[in-house]
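Comments concern the structure below.
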Amino acid sequence: QVCEINGCTATATPDYGAAPLTVNFAGAVDSAGCTGTPTWDWSFGDGGTSTDQNPVHQYAAGGTYSYSLTVTIGPEQCTAGGMVTVCAVTNCQALATPDYGAAPLTVNFAGSADFGVCTGTPAWAWTFGDGATSNVQNPTHQYAAGGTYAYSLTVSEDGSSCATGGTVTVCAVTNCSAIATPDYG
């Protein structure tokens, strides 16, 4: 009897998610007249490999990865594959202009991030250090009292997030740039 491979399948569950993404792979083969045990040769598209029929693999970084499975029984082979997309929000930045001045100080904030292959809608979460918050990408906020305020921005999309921040210094006096010098006169 002749060994014949009629087809094989390779599936990934889930095939989309946030980094680090753990994926369960499953391989199957439809064969007739073959003796011996199938061998499984997986390539996950990020340099990772496996010889298990149903391996588990974790993608650490965002990107789109092409995975493949080659099943061998005797002299016959079959190849199948697919794609896994990993969302990663990176390089988030928060800018405050100006970041120094007299109270009341109106500050324009600007947020940015790299979303790679993420497909959802970004969420922007600002805290201004004085109890106020905002969920818009580029908010304006007024500081009423003097002090140094630590602001933060967290950008999220599809379960992946990135956080950054900085400080704004607000003087309680009208002329913040005046430096006291000794009076010798």
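Quickly run through segment 40-64 and pick out the residues that are more than 21 Å from Asp158 (Cβ to Cβ), open to solvent by less than 80 Å² (accessible area, probe 1.4 Å) and part of a strand (DSSP E or B).
Trp40, Trp42, Ser43, Ser50
Within segment 28-39, can you find the residues that are in contact with a Pro (Cβ under 8 Å, 6 or more places away or on another chain) and either within 16 Å of Tyr65 (Cβ to Cβ) or not aliphatic (A, V, I, L, M) (or both)? Let's see the steps before the verdict.
Here is the first cut: in segment 28-39, the residues in contact with a Pro (Cβ under 8 Å, 6 or more places away or on another chain) are 29, 31.
Passing the criteria: only Ser31.
Name every residue in segment 1-39 that is in a loop (DSSP other than H, G, I, E, B), surrounded by fewer than 16 Cβ atoms within 10 Å (Cβ to Cβ) and not aliphatic (A, V, I, L, M), in order of residue number. Give the steps one after another, and end with the answer.
We begin by selecting, within segment 1-39, every residue in a loop (DSSP other than H, G, I, E, B); these are 1-3, 14-15, 19-20, 33-38.
Going one step further and asking which of them are surrounded by fewer than 16 Cβ atoms within 10 Å (Cβ to Cβ), we end up with 1-3, 14-15, 20, 33, 35-37.
The answer is Gln1, Cys3, Pro14, Asp15, Pro20, Gly33, Thr35, Gly36, Thr37.
Considering segment 118-165 alone, what residues qualify as being touching a Gly at 6+ places or on another chain (Cβ under 8 Å), of a type in the set (A, V, I, L, M, F, W, C) and either assigned to a strand (DSSP E or B) or open to solvent by 50 Å² or more (accessible area, probe 1.4 Å) (or both)?
Listed by number, the residues that qualify are Trp124, Trp126, Ala150, Leu153, Val155.
Give the residues of segment 93-114 that are touching a strand residue (DSSP E or B) at 6+ places or on another chain (Cβ under 6 Å) and either surrounded by fewer than 14 Cβ atoms within 10 Å (Cβ to Cβ) or not in a strand (DSSP E or B) (or both), sorted by residue number.
Filtering segment 93-114 down to residues touching a strand residue (DSSP E or B) at 6+ places or on another chain (Cβ under 6 Å) leaves 93-97, 99-100, 102-114.
Matches in segment 93-114: Thr97, Asp99, Ala103, Pro104, Thr106, Asn108, Ala110.
Of the numbered conditions (1) exposed (fewer than 15 other Cβ atoms within 10 Å of the Cβ); (2) at pLDDT below 95, Glu76 satisfies every one except a single condition; which is it?
(1)
Going through Val170, Val84 one at a time, which residue ends up being within 21 Å of Tyr59 (Cα to Cα), open to solvent by less than 40 Å² (accessible area, probe 1.4 Å), aliphatic (A, V, I, L, M) and in a strand (DSSP E or B)? Quick ask: steps written out before the conclusion?
Numbers: Val170 fails: within 21 Å of Tyr59 (Cα to Cα).
Within the list Val170, Val84, the selection yields Val84.
The values are calculated or read from the model by the stated rules, or taken from the named source; none is laboratory data. Since the model is a prediction, treat every value here as computed from it, not as a measurement. Positions of Cβ are backbone-derived with ideal geometry, glycine not excepted, and every protein chain shown enters the neighbour counts. Keep in mind that these areas ignore ligands, DNA and RNA; they rest on the heavy atoms of the full protein, side chains included. Shrake-Rupley method; radii C 1.70, N 1.55, O 1.52, S 1.80 Å.
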